[in-house]
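The values are calculated or read from the model by the stated rules, or taken from the named source; none is laboratory data. Note that the coordinates shown come from a computational prediction; the quantities given were computed from them, not determined experimentally. Note that each Cβ is placed from the backbone with ideal geometry, even for glycine, and that neighbours are counted across all protein chains shown. The protein model used for the area step is the full one, side chains on, heavy atoms only, and it has no ligands, DNA or RNA in it. Shrake-Rupley method; radii C 1.70, N 1.55, O 1.52, S 1.80 Å.
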Amino acid sequence: MFADFLQFLISGITVGAIYGLVGLGFSVIYNASNVINFAQGEFVMIGGMASVSFLSMGIPMPLAIVLAVVVTTFVGFALEIFAIEPARHNSVVSLIIITIGASIFLRGLAQIIWDRNYHNLPAFSGDDPIKLWGAALQPQSLWVMGGAGIIVLLLWLFFNHSILGKAILATSFNPLAAELVGIDTRRILQISFALSAALGAIAGILVAPIALTYTNVGVMLGLKGFCAAIVGGLGNPMGAIAGGLAVGIAEAFTAGYISSAYKDAVAFVIIILVLLFLPSGLFGRKEIDKV
Amino acid sequence: MLLQIKRLSSSYGRVRALNGVELNIEEGELVALVGANGAGKSTLMRAISGVQPTNGGGIWFDGADITKVSASKRVRLGISQVPEGRQVFSEMTVEDNLLLGAFTRPRLEIDEDIEKNYVLFPVLKERREQLAGTLSGGEQQMLAIGRALMARPKLMLLDEPSMGLSPLLVDQTFQTIQKLAESGMTIFLVEQNAYVALSIATRGYVMEGGRTVLEGTGQELLDDERVKKAYLGV
């Protein structure tokens with residue numbers, strides 16, 4: 001009994017941490033621009049696929065991972081410059097639609113560059129599970145949890161203790177005032193897309209050894225990450241992580257105790273409930289429209 | 001000449017907000033711009049800062065044409081604005097607001113400048129860890145001025161600094177502005193409160209329907225019959 005419970009909890013926290021990282025990516029871009037970037041899942045896919053690719057070229061794993069993150073970051077940067085920037089003066093809704101188009105484009109491009117097959121990235125430190133009161137803990141789960149923890153800490157330091165991080169926050173709070181103190185708000189948007197692409201790539205690489213990677217992997221992970229961001233309150237980084245964990249754990253328990261057929265439905269049921277009863281999420285800022 | 005504006009125009013859609021503005025500011029001057037609501041005063045401020053697109057004429061600063069220069073570069077060149085309604089970063093601390101004011105400055109000078117600000121506005125030092133949104137209107141005005149000073153501007157633009165403040169705080173704010181002017185700062189002040197603004201200004205302009213229609217020393221404008229009738233209520 002307890003072993004089962006623990007097993008479900010462990011897998012819930014593991015996938016939850018991934019959803020949280022993807023959700024963080026949504027929050028970073030949302031904060032800088034009010035845009036929900038539906039190409040976020042594609043960053044996850046590119047991160048995983050690119051590492052598999054680099055690895056198969058004989059590049060050692062750590063370097064392959066770094067290269068994959070760099071490539072994805074560059075894709076995020078390019079997405080902002082070529083797709084968002086030219087339409088900057090359009091409504092937020094148009095920009096969101098552009099990101100949907102961009103995600104379809106990136107997925108198609110990935111199918112041309114790579115293929116439609118499933119790929120496996122080897123676990124970072126072996127596949128021998130650690131026994132824990134009757135439950136099995138994959139070493140890769142520890143990498144996922146540890147990785148997510150470190151990223152959250154680094155992001156916290158970045159936004160609270162670096163002038164660039166504070167400038168990004170300032171731009172989200174008051175774009176006009178940000179411009180008047182000399183912050184180049186266009187550059188801030190580019191940085192946000194790059195940062196959020198890097199976050200997505202890291203999530204994709206961490207999860208690839210557990211869940212396989214393929215060119216459509218970003219669709220579901222992107223939606224789950226979006227769920228995490230909504231549940232935690234869009235724009236709240238810590239909320240995204242909490243939301244991710246909540247969605248991941250709920251999913252794992254549903255799959256374990258009810259049926260794995262309902263697994264994917266859980267996230268969306270949660271979204272509907274949150275939007276009905278807590279429209280600004282668990283930790284969201286109350287929306288006040290300025291007139 | 002520090003700032004020179006020639007035949008500047010700007011529109012919101014079909015509505016012309018600026019329609020051939022002519023204006024000059026010499027180094028060390030305190031120039032006031034007065035006019036009724038909707039005369040285009042704030043639009044002119046926004047255009048000088050580069051956050052309002054213009055569609056005719058030009059702006060020269062320190063001898064260079066800056067008409068097409070981006071807002072962030074203008075701050076680097078030395079133009080700082082205290083915007084209408086103060087626009088502090090209310091979700092951030094007082095100290096972070098000041099820090100961001102120095103976004104364009106080298107790291108090394110920032111601490112020193114923050115200390116200078118605290119000498120000028122001791123209340124900001126007391127409230128350094130507080131969120132800017134929790135400050136009173138007068139304190140927020142000081143913070144907005146302090147934040148603009150952090151960029152070490154050559155020209156400071158003040159848009160309606162008296163708006164929403166009690167008479168006592170208006171006096172205080174204008175004393176601060178006067179002090180800044182005496183220390184050699186070039187100031188361009190936009191005010192609806194024409195009497196106070198013209199009393200401390202070395203020179204002034206009157207704006208009507210998107211263009212500057214009168215120019216003179218502060219005293220000349222205060223004595224002008226048209227100004228008296230239209231803006232001073234005498």
| task | Just give me a number: lysine pairs in chain A, eight or more positions apart or cross-chain, with C-alpha atoms less than 30 Å apart. | result | 7
| query | Rounded to the nearest 5, what is the percent of antiparallel bridges among the DSSP beta bridges in the protein assembly as shown? | reply | 60
| field | Interface area, A with B, accessible, probe 1.4 Å, both sides summed, Å² nearest 100 | value | 1800
| remark: Residues other than A:G218 with Cβ under 12 Å of its Cβ, Lys/Arg counted +1 and Asp/Glu -1, net out at +1
| task | Report the percentage of all Cα-Cα pairs in chain B whose separation exceeds 33 Å, rounded to a whole percent. | result | 15
| query | Counting partner chain Cβ atoms within 10 Å of every residue's Cβ in B:71-79, what's the average? | reply | 4
| remark: For the range A:8-165, the accessible surface attributable to carbon and sulfur atoms (probe 1.4 angstrom, ligands and nucleic acids excluded) amounts in percent to 72
| What share of the DSSP beta bridges in chain B is antiparallel, in percent to the nearest 5? | 55
| request: Could you please tell me the mean projected area of the C-alpha convex hull for the protein assembly as shown, averaged over all directions and given in square nanometres to one decimal? | output: 28.4
| said: Counting heavy atoms of the protein chains only and a 1.4 Å probe, report the per residue accessible area for chain B as a whole number of Å². | reply: 44
| message | Taking the 0 to 90 degree range and rounding to the nearest ten, how far is the long axis of helix A:2-33 tilted relative to the main principal axis of chain A, both from C-alpha atoms? | response | 20
| field | Sulfur and carbon atoms: percent of accessible area, the range B:189-234 [1.4 Å] | value | 48
| request: Would you mind putting A:33-46, A:86-99, A:145-158, B:66-79 in packing order, based on average other-beta-carbon counts within 10 Å, highest first? | output: A:33-46, B:66-79, A:145-158, A:86-99
| query | Using a simple charge model, +1 on the beta-carbon of Lys and Arg, -1 on the beta-carbon of Asp and Glu, nothing else, what dipole does the range A:2-277 show about its Cα centre, in debye to the nearest 20? | reply | 200
| remark: Output field shielding_mean for B:96-103 (other chain Cβ, 10 Å radius) holds 5
| Under the definition of partner shielding as Cβ atoms of other protein chains within 10 Å of a residue Cβ, what is the mean value for peptide A:162-168? | 3
| Within chain B, which DSSP H helices have Cα atoms that stretch 24 Å or more along the helix axis and a mean Kyte-Doolittle hydropathy of at least 1.6? | none
| query | Per-residue ellipticity at 222 nm for chain B, helices alone: DSSP H runs ≥ 4 residues times -39500 (n - 2.57), over residue total, nearest 500 deg cm²/dmol? | reply | -10500 deg cm²/dmol
| query | How long, wide and thick is chain A, going by the Cα atoms along their three principal axes, in whole angstroms, largest first? | reply | 59, 48, 35
| Can you pick out the pairs among B:K154/B:K179; B:K6/B:K73; B:K154/B:K228; B:K41/B:K68; B:K6/B:K228 whose Cα atoms lie more than 22 Å from each other? | B:K154/B:K228; B:K6/B:K228
| request: Would you mind checking the range A:95-118 for residues with the amide N under 20 Å from a putative spin-label position 7 Å along Cα→C-beta of A:N216? | output: A:100-118
| note | For the range A:90-179, listing trypsin sites (Lys or Arg not before Pro) in a DSSP loop whose Cβ sees at most 14 other Cβ atoms within 10 Å gives A:R116
| What translational D, rounded to a whole number of µm²/s, comes out for the range A:175-290 from Stokes-Einstein when the hydrodynamic radius is the Kirkwood one over Cα pairs, at 10 °C and 1.306 mPa s? | 99
| field | Sum of side-chain charges, B:T43 neighbourhood, beta-carbon under 14 Å (Lys, Arg +1; Asp, Glu -1) | value | 0
